[in-house]
Amino acid sequence: MQPRLTRRDFLKLMGAAAVGLGYREFPPGGDPAMKRPPPYSLGRVIYSMRYYDRPSVAAKELGYYIRDTVVNIHAQTVGDPQPTHNPIWLLTDDGWLHSSYVQPVKEEYQTPVLDIPKNGMLAEVTVPFTQAYRVDDRGMKRIYRCYYATTYWVHSAFVSGVGTVWYRIWDERTREHYIVEAAHLRPISAEEVAPISPQAPDKRIEINLGLQRLVAYEGRNPVFTSRIATGYFEGDTPRGEFRVERKQPTRHMASNLEGNGFDLPGVPWVCYISWTGVSVHGTYWHNNYGTPQSHGCINLPPDAAKWIYRWTDPFVPVDEDYVESDHGTRVIVY
């Protein structure tokens, strides 16, 4: 259960966040001697990225990591003063890497479940990535990778001839089943998605596009805040007052618009606020919050998105994949 914040606590938190966003706890230039322990020990390189001998793009380039390289993170520090919203650099085994496109990950293997409920089982990926396959008469074909913190509906399980347990996951966009290794996914329990503060009065979310920040309120009391990434172009994320009208614990989001296409399976903890598809949801394809970054949705770190998913109305039971309501939590975007 998320601890409730008083207004005084929240103002302290926001003050600390303001310092953190300015990163004034480190001297300009990001002296590596002032580095601090990282909040996570593994990172997945989301796109091919260069690493350097110092935390600066002006430093000597030592090499580059290709997409989906999993790196050890030994420390973090502030480097170049630009970009101001995210000057955090990460120290790997090989050099300094900017944090904007490094997904924090873990590598935790699970005990597979063979008895899958009739309506399916919601599960979350707990390794940096796992491969999904289509199976047909010609054998197994790679489809896409399922990344850490993404979520999927498991409809059945089976054991292969060599003893590997596989889950069949459902893709609502392609209307197909794929298979993934069961040891790479963790079943989500009912307790994990239980409502947070269900009786709290006057819940609302305020989204400040200028500050790129989300704040959740219960009455006059702020109870949760997170940095976000909203629509890159003016108007992509609409201003106004909305409600959480639909919720899904997982969604395969995609667009084939020329020059603006994307294909993102397993988007977790989705709260739609508009019939056009604008939603608040978890994100695994960047780690660059605090600046406009999306096609119009409100991107949050997966843990923050999960908190919002649980706290907002309507409530979605763990065994349901879709709920809608005309009386969902208010969302104000300005």
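Annotations for the structure displayed:
- If you go through segment 55-69 and pick out every residue that is within 24 Å of Gly290 (Cα to Cα), surrounded by fewer than 19 Cβ atoms within 10 Å (Cβ to Cβ) and in contact (Cβ under 8 Å) with a residue 24 or more places away in the chain, you end up with 3.
- Within segment 192-206, the set of residues being within 18 Å of Pro302 (Cβ to Cβ) and in a strand (DSSP E or B) comprises Ile205 only.
Results for (1) outside the structural domain of Gly290 (by TED's automatic domain parsing); (2) touching a residue at least 12 places away in the same chain (Cβ under 8 Å); (3) surrounded by fewer than 22 Cβ atoms within 10 Å (Cβ to Cβ); (4) under 23 Å from Gln293 (Cα atoms), shown as yes or no for each residue.
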residue	(1), (2), (3), (4)
Ala75	yes, yes, yes, no
Val78	yes, yes, no, yes
Pro83	yes, yes, yes, yes
Asn86	yes, yes, yes, yes
Asp94	yes, yes, yes, no
Ser100	yes, yes, yes, yes
Gln110	yes, yes, yes, no
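- Qualifying residue in segment 286-297 (condition: among the aromatic types (Phe, Trp, Tyr), outside any strand (DSSP E or B), at pLDDT 95 or above and in contact with a Phe, Trp or Tyr (Cβ under 6 Å, 6 or more places away or on another chain)): no
- When Phe315, Phe262 are screened for being assigned by TED's automatic domain parsing to the domain that holds Glu234, at pLDDT 95 or above and of a type in the set (Phe, Trp, Tyr), only Phe315 passes.
- Restricting the first member to segment 151-170 and to residues that are in contact (Cβ under 8 Å) with a residue 40 or more places away in the chain, and the second to residues that are polar (S, T, N, Q) and in a strand (DSSP E or B), the beta-carbon pairs closer than 7 Å and six or more apart or on different chains are Thr151/Thr250; Tyr152/Thr250; Trp153/Thr250.
- Restricted to strands (runs of 3 or more DSSP E) entirely inside segment 77-141, those with at least 3 residues that are within 26 Å of Glu176 (Cβ to Cβ) and in contact with a Pro (Cβ under 9 Å, 6 or more places away or on another chain) are 121-125.
- Matching residues, segment 222-262, being β-branched (Val, Ile, Thr) and either closer than 18 Å to Thr283 by Cβ or in contact with a Ser or Thr (Cβ under 7 Å, 6 or more places away or on another chain) (or both): Thr225, Ile228, Thr230, Thr237, Val244, Thr250
The values are calculated or read from the model by the stated rules, or taken from the named source; none is laboratory data. Here the structure is a predicted model, which is why all the values come from computation and not from measurement. All Cβ positions, glycine included, derive from the backbone under ideal geometry; neighbour counts span all protein chains shown.
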